[in-house]
Amino acid sequence: MMQGQQQEPTREIVPIVVPEAKMQENNLRDGVELVFPGIPSESIRSTLKENGWRWNRKTKVWYKRRDEETLAWARAFVGEA
C-alpha cells in the first residue's frame, strides 16, 4: 500500500439469527438458498436484500451465488455457525 492511502476496513457482517429458516445448496445453479416457513418480517427481508440476497418467486426461496462468504453468512443466519 502506498503511503497516504488508507486501507478500507474489512466489513464483517453479523446477521441476525433466524433458526426457523433453512439453508440449502443448489448445485445446479451454484447457489445457496434460504427457505422460510412463511413470509419473513420486513426487517429480515431488508437484511437479506442489503446483503445481496434475491427472491425467486417461482421457487419461493431467497438465493445468492455460492462462495465461502455466502455459505458462512447463511450458516450464521440459520444458527448453524
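Please specify each residue of the range 59-72 satisfying the condition of being basic (Lys, Arg) and not in a loop (DSSP other than H, G, I, E, B). Those that are basic (Lys, Arg) and not in a loop (DSSP other than H, G, I, E, B): Lys64, Arg65. May I ask you to list pairs of residues, at least six apart or on different chains, whose Cβ atoms are under 7 Å apart, with the first in the range 47-69 being free of Cβ contacts under 8 Å to residues at least 40 places away in the same chain and the second being surrounded by 12 or more Cβ atoms within 10 Å (Cβ to Cβ) and hydroxyl-bearing (Ser, Thr, Tyr)? Once the first residue is free of Cβ contacts under 8 Å to residues at least 40 places away in the same chain and sits in the range 47-69, its partners that are surrounded by 12 or more Cβ atoms within 10 Å (Cβ to Cβ) and hydroxyl-bearing (Ser, Thr, Tyr) give Trp53/Tyr63; Arg54/Tyr63; Asn56/Tyr63; Lys64/Thr70. Among the residues of the range 32-58, those identified as part of a strand (DSSP E or B) and either modelled with pLDDT under 95 or surrounded by fewer than 18 Cβ atoms within 10 Å (Cβ to Cβ) (or both) are Val35, Arg54, Trp55, Asn56. The test for being modelled with pLDDT under 95 and crowded, with 17+ Cβ neighbours inside 10 Å does not hold for Val61. Counting the residues of the range 1-27 that are at pLDDT 95 or above and surrounded by fewer than 11 Cβ atoms within 10 Å (Cβ to Cβ) gives 1.
The values are calculated or read from the model by the stated rules, or taken from the named source; none is laboratory data. The structure displayed is predicted, hence computed values, not measured ones. Note that each Cβ is placed from the backbone with ideal geometry, even for glycine, and that neighbours are counted across all protein chains shown.
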